[in-house]
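A short write-up of the structure that comes next.
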Amino acid sequence: PQVLFNKTDIWAILKEHDSPERLKGFLSNVTSTSILYIKQNRYDKHKEIIDKVKKIIDTNYQTDISLQEMAKNVFISPCYLSTLFKNETNMSYKNYVIDVKIKKAKEMLINTDTPVYKIVSNIGYRNPQHFSNLFQKKTGLLPNEYRAKYKSK
């Protein structure tokens with residue numbers, strides 16, 4: 001009512017619509033406004049959930065939080081979170097996690113002299129070879145090559 005009628009007397013508004021055509025037009029406007037309001041609320045809620053998920057991933061990149069665990073954190077089903085995440089970010093949950101870890105690894109490679117195997121461990125991977133393959137797939141370079149290319153700049 002606050003959105004649709006903005007503190008006006010609904011009965012007075014309805015009395016103004018004295019013909020079926022005018023009433024139909026009025027109800028059509030009410031319906032359209034209601035639908036837009038509901039869509040905006042859903043969008044806001046979805047955005048809030050995805051922002052929370054991204055923040056959790058960004059601050060806990062060194063742990064491997066599964067989609068199922070994350071869904072529990074935001075109180076929705078894993079399937080719904082997966083769909084929602086894909087719709088809101090245009091990428092899968094898994095790919096987002098990988099991208100965050102790769103980004104953190106890039107920062108560590110450029111800004112520290114930490115050995116690659118320790119960086120791999122610090123970002124939550126157990127297998128350095130697996131990480132190197134992922135890193136190369138995403139960047140086109142192996143971690144040591146990336147460090148050599150960008151650290152000097």
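Here the extension length gained between Lys118 and Asn87 equals 7.7 nm, from 0.36 nm per residue of separation less the Cα-Cα distance.
A dipole drawn for the stretch 1-71 from +1 and -1 charges on Cβ atoms has a positive end, and of Ile49, Thr59, Ser19 the residue lying farthest that way is Ser19. With the convex hull drawn over the C-alpha atoms of the chain, the volume per residue is 175 Å³. Extending 7 Å from the Cα toward the beta-carbon at both Lys54 and Lys138 defines two label points whose distance is 1.6 nm. Partners of Lys137 within straight-line reach, counting lysines whose Cα lies under 17 Å from its Cα and excluding those fewer than 8 residues away in the same chain: Lys94, Lys101, Lys103, Lys104, Lys106, Lys149. Accessible surface computed residue by residue for the chain, with neighbouring protein chains in place and a 1.4 Å probe, gives 70 Å² per residue. Here the dipole of the chain is about 720 debye; that uses its Cα centre as origin and unit charges on the Cβ of Lys and Arg (positive) and Asp and Glu (negative). Pairs of Lys residues in the stretch 2-80, spaced 8 or more positions apart or belonging to different chains, with C-alpha separations under 28 angstrom: 19 in total. Per atom type, the chain shows carbon and sulfur on 53% of its accessible surface, probed at 1.4 Å. Adding -39500 (n - 2.57) for every DSSP H run of four residues or longer, then dividing by how many residues the chain holds, sets the calculated 222 nm ellipticity at -24500 deg cm²/dmol.
The values are calculated or read from the model by the stated rules, or taken from the named source; none is laboratory data. The structure presented is a predicted model; accordingly, all values stated were derived computationally and were not measured. FYI the Cβ positions are ideal-geometry reconstructions off the backbone, even for glycines, and counts take in every protein chain you see. The area values use the complete protein model at the heavy-atom level, side chains included, leaving out ligands, DNA and RNA. Shrake-Rupley method; radii C 1.70, N 1.55, O 1.52, S 1.80 Å.
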